[in-house]
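Accompanying notes for the structure given below.
The values are calculated or read from the model by the stated rules, or taken from the named source; none is laboratory data. Nothing here was measured: the structure is a model prediction, and the numbers come from that model. No Cβ is skipped: glycine too gets one built from the backbone with ideal geometry, and neighbour counts run over all protein chains shown. These accessible areas exclude ligands, DNA and RNA; they are computed on the full protein's heavy atoms, side chains included. Shrake-Rupley method; radii C 1.70, N 1.55, O 1.52, S 1.80 Å.
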Amino acid sequence: MTSAKLHCWINGQRVRAQGSRSGEVHDPASGEVIRHVPLANPADIDAAVAAARAALPAWRDTTPLRRARILTRFRELMEQHRDELARLASEEHGKTLADAAGSVQRGIEVIEFASGVPHLLKGEKAEDVGRGVDCHSLLQPVGVCAGITPFNFPVMVPLWMFPVAIACGNTFVLKPSEKVPSASLRMAELFQEAGLPDGVLNVVPGDREAVDALLCHPDVGAVSFVGSTPVARYIYETGARHGKRVQALGGAKNHAVVMPDADMAFTADALVGAAYGSAGERCMAVSTVVAVGEAGDRLLPLLKERAAQIKVGRGDAADVDMGPVISAAHRDRIVSLIDSGVAQGAELVLDGRGISVAGCGNGFFVGPTLFDRVTPQMDVYKEEIFGPVLIVLRADSFDDAVKLVNANPYGNGTAIFTGSGHWARRFENEIEVGMVGVNVPIPVPMAFFSFGGWKASLFGDLHMHGMEGVFFYTRSKVVTSRWPAPAERTGSTLAMPTLG
Ligand code: NAD
């Protein structure tokens with residue numbers, strides 16, 4: 001992967017894109033262009049879908065056990081290449097190597113989950129649903145599936161999708177974020193090395209033109225998307241209009257509710273990691289604290305002290321806690337939102353604007369930023385900032401805090417910090433959010449549970465990986481059968497048959 005010019009991966013080989021457009025991939029720490037990425041056109045998408053379609057019959061008929069063995073080999077190769085993949089993710093995204101390695105591990109765990117596919121695809125069977133009549137269900141592949149992924153997890157989010165889809169007998173076309181394409185291309189090579197037949201996984205970098213071609217393509221049966229809410233809504237509506245099943249995970253504004261009975265030092269440690277890790281560019285980042293009663297006055301100094309100590313620098317440098325954000329445009333948007341918070345009357349406790357990082361003059365950096373006394377009317381509350389900005393709102397009671405969280409349009413993740421099982425139980429029961437932590441700031445479910453939010457954080461019905469992922473990538477079929485002896489073959493009836 002030393003070439004400065006990237007390619008598509010179609011039918012098991014590197015292929016030059018037919019489209020003439022290309023994009024620039026930056027090192028966000030230096031601001032330099034490190035690669036050029038092709039931006040696929042509809043002809044490239046046609047070629048990738050045709051390869052996936054041609055590979056489908058043989059892959060569908062490969063036994064789940066054999067598919068699982070290839071996945072197991074892929075997992076082993078991913079483990080051997082963990083550092084290389086973490087380095088690619090860090091290089092193009094900017095996150096620290098330790099953070100990137102953690103996200104590679106969480107992705108590998110999805111491959112591990114998908115390797116259990118012979119067990120996961122077992123249907124249900126009921127004997128004697130009627131006299132001499134049995135019933136069983138099958139989970140069969142959907143066909144050619146497509147995945148469209150965001151910039152913030154170059155390895156992990158693609159791995160939420162294609163291992164499960166492929167394990168279930170589908171073939172796949174992945175369109176990674178054009179900002180971080182290299183890790184996806186490398187994973188496709190490793191999967192081939194593991195024994196995956198050509199055409200089962202294809203990777204086509206691109207932007208909206210490629211996405212539109214996938215959404216309209218008659219041979220694509222299912223589309224998985226992860227990204228921002230406006231695009232998720234568009235993907236869901238457009239895909240559905242073209243008759244596809246769609247799961248589209250959107251943006252987030254994750255609140256942590258802090259009760260006065262929480263252990264404040266423990267809570268501050270957890271919140272600072274969750275707010276500023278990956279420069280806040282995680283869909284499960286805690287960006288909003290709702291401090292109940294006197295919790296705020298005790299928590300704020302602890303948050304400030306910890307946030308101020310975060311060491312900002314290149315993601316691949318030693319002892320760095322937080323890297324740059326993805327682009328100059330994104331940095332400028334974050335800075336303008338911080339400006340708006342000041343203008344609208346929030347209390348700026350720690351200001352990350354104008355940070356300078358030695359040796360990285362043109363890098364896309366914003367320092368850790370902390371606001372207190374934010375209100376729901378302010379833009380820093382209403383917008384998903386997706387940067388290293390933590391805002392604190394005050395609430396008088398548990399009920400007011402829950403009301404605030406439930407009124408927010410997003411519902412991806414949330415957490416409560418408390419020493420009381422009573423508050424934790426009520427929070428878990430009443431909160432309208434898909435992933436909930438109790439004294440856990442980033443409650444990302446393990447691969448054998450499913451990942452996904454509610455409300456504007458999810459368009460579609462099924463979450464990713466876990467059993468919901470298996471259900472998304474399969475169609476269920478129910479078979480009812482009987483084998484009557486000749487004497488039992490009675491004449492026809494026009495009445496609705498009942499089996500009891
Ligand atoms: P994005 O929506 O800009 O892009 C996501 C993907 O969609 C990319 O592959 C991109 O090429 C494509 N795309 C962008 N604009 C498009 C358009 N107009 N039409 C069709 N396709 C388009 O998101 P991003 O900036 O790459 O990622 C950050 C966002 O993703 C944040 O909002 C974050 O919360 C969200 N995210 C959500 C989850 C989740 O699980 N809910 C996980 C990770 C990231």
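For residues that are more than 10 Å from the ligand (Cβ to nearest atom), over 16 Å from VAL470 (Cα atoms) and either part of a helix (DSSP H, G or I) or under 14 Å from the mean Cα position of the chain (by Cα) (or both), tally how many sit in the stretch 155-173.
Looking only at that region, the number is 1.
Taking the stretch 209-233 only, how many residues are among the polar types (S, T, N, Q) and open to solvent by less than 20 Å² (accessible area, probe 1.4 Å)?
Final tally of qualifying residues: 2.
Just to be sure before I move on: is SER177 touching a helix residue (DSSP H, G or I) at 6+ places or on another chain (Cβ under 6 Å) and hydroxyl-bearing (Ser, Thr, Tyr) in the structure I sent?
no
Any idea which of (1) assigned to a helix (DSSP H, G or I); (2) of a type outside the set (S, T, N, Q); (3) open to solvent by 60 Å² or more (accessible area, probe 1.4 Å) is the one MET446 doesn't satisfy?
With (1) assigned to a helix (DSSP H, G or I); (2) of a type outside the set (S, T, N, Q); (3) open to solvent by 60 Å² or more (accessible area, probe 1.4 Å) applied to MET446, the lone miss is (1).
Confirm whether GLY413 is surrounded by fewer than 14 Cβ atoms within 10 Å (Cβ to Cβ) and not assigned by TED's automatic domain parsing to the domain that holds ARG245.
No, not satisfied.
How many of the residues making up the stretch 300-339 are acidic (Asp, Glu) and more than 23 Å from ALA268 (Cα to Cα)?
Residues flagged as acidic (Asp, Glu) and more than 23 Å from ALA268 (Cα to Cα) within the stretch 300-339 amount to 3.
Of all residues in the stretch 461-484, which are outside any strand (DSSP E or B) and not hydrophobic (A, V, I, L, M, F, W, C)?
ASP461, HIS463, HIS465, GLY466, GLU468, GLY469, TYR473, PRO484
Could you tell me whether any residue of the stretch 309-320 is surrounded by 14 or more Cβ atoms within 10 Å (Cβ to Cβ) and free of Cβ contacts under 8 Å to residues at least 12 places away in the same chain?
Scanning the stretch 309-320, I find at least one residue that is surrounded by 14 or more Cβ atoms within 10 Å (Cβ to Cβ) and free of Cβ contacts under 8 Å to residues at least 12 places away in the same chain, so the answer is yes.
Looking only at the stretch 15-28, count how many residues are open to solvent by 100 Å² or more (accessible area, probe 1.4 Å) and either more than 23 Å from SER90 (Cα to Cα) or among the β-branched types (Val, Ile, Thr) (or both).
3
Of the residues in the stretch 234-259, how many are open to solvent by 40 Å² or more (accessible area, probe 1.4 Å) and more than 10 Å from the ligand (Cβ to nearest atom)?
Going through the stretch 234-259 one residue at a time, the tally reaches 7.
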